[in-house]
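**Q** I'd like to ask some things about the structure below.
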Amino acid sequence: MSDRILQIIVIGGGAAGFFSAITCAKTYPQARVILLEAGRQLLAKVRISGGGRCNATHACFDPAILVQNYPRGGKALRGAFTRFQPRDTVEWFASHSVTLKTEPDGRMFPVTDDSETIVNCLIRAAEDAGVKIRTGDAVVSVKQCPLENEYADAAITNKSGFEIELKSGQELKCDRLILATGSNPSGFKWAKDLGHTIEQPVPSLFTFNIADSRIKDLAGVSVANAKVKLPGAKLEQSGPLLITHWGLSGPAVLKLSAWGARFLHDRNYRASVLINWLPQYNPEVLRQQLLGVKSQLSQRLVVSSCPFPIPRRLWERLTSAIGIDEPKRWADIPNKTLDKLLQELVQGEYQISGKGAFKEEFVTCGGVNLKEVDFKTMESRCCRGLYFAGEILDIDGVTGGFNFQSAWTTAWLAGIAIGK
């Protein structure tokens with residue numbers, strides 16, 4: 001038998017690519033690990049994530065609860081998170097001299113509040129582990145090919161490897177291949193060429209374009225806790241809501257966009273959305289409060305005496321929308337109009353007319369069909385020796401560090417298993 005060493009290639013210089021390459025090299029120090037990145041800049045998405053701070057993970061340490069933050073992939077990740085979860089991520093970075101801190105909403109960032117801390121850590125860890133990093137090496141094609149020799153290690157039984165053709169014309173051969181190409185169409189094509197089904201990639205995590213007089217010119221106004229519903233999809237989410245120049249944003253909208261990604265895509269991003277500006281109140285309790293205000297503050301102007309914790313400018317718009325103008329006092333408002341106001345507060349209907357971008361995230365739903373991947377090892381069920389990590393898979397999480405966590409987890413699993 002030959003004593004030829006295991007050749008591993010990782011395609012993709014993002015979070016999943018680096019983490020899988022590092023894990024490979026550390027777990028199998030005798031293997032030769034090459035990381036190929038088409039661009040000149042490594043970890044580009046990591047650098048700009050979280051507004052340049054890098055929301056590395058989320059302080060949710062129960063896998064059963066953690067998976068509830070994944071519109072697609074939660075079921076497949078349930079077992080994976082029992083092996084590598086946010087606590088392991090925190091410990092891994094701590095062991096590489098990077099401390100993560102937890103913010104009140106659970107998001108975790110490096111204490112430096114600088115994504116370069118994460119970038120430099122990953123590059124240094126890869127170099128220390130012996131990973132050969134090649135930038136500007138665009139891959140043109142990936143195909144299976146026969147292995148030239150068997151290994152001294154009798155446990156390595158598959159007899160085929162991979163041939164990678166680069167744009168430069170160079171050809172590289174390897175025994176194991178990790179595709180960590182994110183939502184790059186080329187990665188999907190190579191996975192398809194190697195026998196995989198690709199679930200159509202469509203955007204996830206986006207803002208709603210809404211042209212409506214009730215929120216026009218209120219950009220910057222926010223509500224700490226609102227509930228947004230897509231009645232057509234029977235989906236709803238709660239959380240902070242932000243009015244923007246083009247419509248609505250904030251965690252509540254971003255979460256709803258993730259869960260409703262396919263529904264909204266199929267309708268060309270045109271749908272009705274219902275907004276409850278006061279979800280902490282029971283509607284009947286609200287009605288009684290409105291009647292109480294009408295009785296007790298009867299001589300006050302409605303526009304200038306909002307009895308609820310919502311921004312004054314928003315209150316003025318909502319009252320105006322149902323015909324309550326400036327000079328009207330509470331005593332002037334008939335009960336039918338109060339009912340309209342209640343409807344506006346708890347179930348105002350708005351029309352989504354398109355989607356905007358969410359500049360801190362570039363997330364898609366879709367990718368490699370999860371049934372075709374063994375989530376114990378991240379190895380393909382269709383092609384021996386092929387592994388997947390990160391967003392190339394049909395996995396996506398809501399905003400808050402969950403997409404990075406699925407990248408770390410799938411990359412770690414692939415890296416641990418690849419030499420077995």
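The values are calculated or read from the model by the stated rules, or taken from the named source; none is laboratory data. If you're wondering where the values come from, they're calculated on a predicted model, not measured in any experiment. Positions of Cβ are generated from backbone atoms using ideal geometry, with glycine treated the same way; all protein chains shown enter the neighbour counts. We work out accessible area using only protein heavy atoms, side chains counted, and drop any ligands, DNA or RNA first. Shrake-Rupley method; radii C 1.70, N 1.55, O 1.52, S 1.80 Å.
**Q** Would you mind pulling out the separation of the Cα centroids of the stretch 202-227 and the stretch 76-114, in Å?
**A** Value for the Cα centre distance between the two parts: 30 Å.
**Q** Given Cβ point charges of +1 (Lys, Arg) and -1 (Asp, Glu) and nothing else, what value in debye, to the nearest 20, does the dipole of the stretch 303-383 about its Cα centre take?
**A** Magnitude of the dipole: close to 100 debye.
**Q** In the stretch 21-64, which residues have a backbone nitrogen under 16 Å from the label point lying 7 Å from Asp114's Cα in the Cα-to-Cβ direction?
**A** Flagged as within label range: 47-49, 51-55.
**Q** Is the shape of the stretch 290-376 rounded, prolate or oblate, going by the alpha carbon gyration tensor and its root eigenvalues a ≥ b ≥ c, with a/c under 1.5 for rounded and a/b larger than b/c for prolate?
**A** Verdict is prolate for the stretch 290-376.
**Q** Helix 402-417 versus the longest principal axis of the chain: what angle, 0 to 90°, nearest 10, using Cα atoms?
**A** Orientation of helix 402-417: about 20 degrees from the principal axis.
**Q** Set Lys and Arg Cβ to +1 and Asp and Glu Cβ to -1, take the dipole of the chain about its Cα centre, and tell me which of His58, Ile352, Tyr387 lies farthest positive.
**A** Farthest along the dipole direction, towards plus: Ile352.
**Q** Quick one: Kirkwood hydrodynamic radius for the stretch 176-239, alpha-carbon pairs, angstrom, one decimal?
**A** Averaging 1/r across every pair of different Cα atoms and inverting gives 16.2 Å.
**Q** A further question on this structure: Using a 1.4 Å probe and ignoring any ligands, DNA or RNA, find the accessible area of Val293 and quote it in Å² to the nearest 10.
**A** Using a 1.4 Å probe on the heavy atoms, I get roughly 20 Å².
**Q** Using unit Cβ charges (K, R positive; D, E negative) and no other charged atoms, how large, in debye to the nearest 20, is the dipole of the chain about its Cα centre?
**A** 840 debye
**Q** Which is farthest toward the positive dipole end of the chain among Tyr269, Ala38, Ala16, measuring Cα position about the Cα centre, with Cβ charges +1 (Lys, Arg) and -1 (Asp, Glu)?
**A** Tyr269
**Q** Let me ask something else about it. Using heavy-atom solvent-accessible surface (probe 1.4 Å) with all chains present, what is the largest-first order of Ser353, Ser141?
**A** Ser353, Ser141
**Q** While we're looking at this one, here's another question. If you count the DSSP beta bridges with both ends in the chain, what percent of them are antiparallel, to the nearest 5?
**A** If I count the DSSP bridges inside the chain, around 75 percent turn out antiparallel.
**Q** If a/c stays under 1.5 just call it rounded; otherwise compare a/b with b/c (prolate if a/b is bigger, oblate if not). Do that for the stretch 234-370, with a ≥ b ≥ c from the square roots of the Cα gyration tensor eigenvalues.
**A** Prolate.
**Q** Another question, then. What does the charge dipole of the stretch 281-420 about its Cα centre add up to, to the nearest 20 debye, if the Cβ of each Lys and Arg holds +1 and the Cβ of each Asp and Glu holds -1?
**A** Numbers: 17 positive and 16 negative charges, 66 e Å.
Dipole magnitude for the stretch 281-420 comes out near 320 debye.
**Q** Towards the positive end of the charge dipole of the chain, with charges on Cβ (+1 Lys, Arg; -1 Asp, Glu), say which of Val140, Thr197, Cys121 has the farthest Cα.
**A** Thr197
**Q** What do you get for the angle between helix 283-296 and the principal long axis of the chain? Use alpha-carbon atoms, 0 to 90 degrees, nearest ten.
**A** 30 degrees
**Q** May I ask you to give the percent of accessible area on the chain that is carbon plus sulfur, with a probe radius of 1.4 Å? Write down the numbers at each step before the final one.
**A** Values: 8900 of 18180 Å².
The value for the chain is 49 percent carbon and sulfur by accessible area.
**Q** What residues of the stretch 115-149 lie in the reach of a label at Leu172, counting those whose backbone N is under 11 Å from a point 7 Å from the Cα along Cα→Cβ?
**A** Under 11 Å, as judged by backbone N against the label point of Leu172, lie 132-140 of the stretch 115-149.
**Q** For the stretch 1-61, just say rounded, prolate or oblate: build the C-alpha gyration tensor, square-root its eigenvalues into a ≥ b ≥ c, call rounded for a/c under 1.5, and beyond that prolate if a/b exceeds b/c, oblate if not.
**A** Values: a/c = 4.81, a/b = 1.87, b/c = 2.57.
It comes out oblate by the Cα gyration axes.
**Q** Just to confirm a number: summing +1 for Lys and Arg and -1 for Asp and Glu over residues other than Val67 whose beta-carbon lies under 13 angstrom from that of Val67, what do you get?
**A** On the way: positive: Arg72, Lys75, Arg78; negative: Asp62, Asp396.
Residues near Val67 contribute +1 overall.
**Q** On C-alpha positions alone, give me the angle between the axis of helix 86-95 and the longest principal axis of the chain, in degrees, nearest 10.
**A** Helix 86-95 sits roughly 60 degrees off the main axis of the chain.
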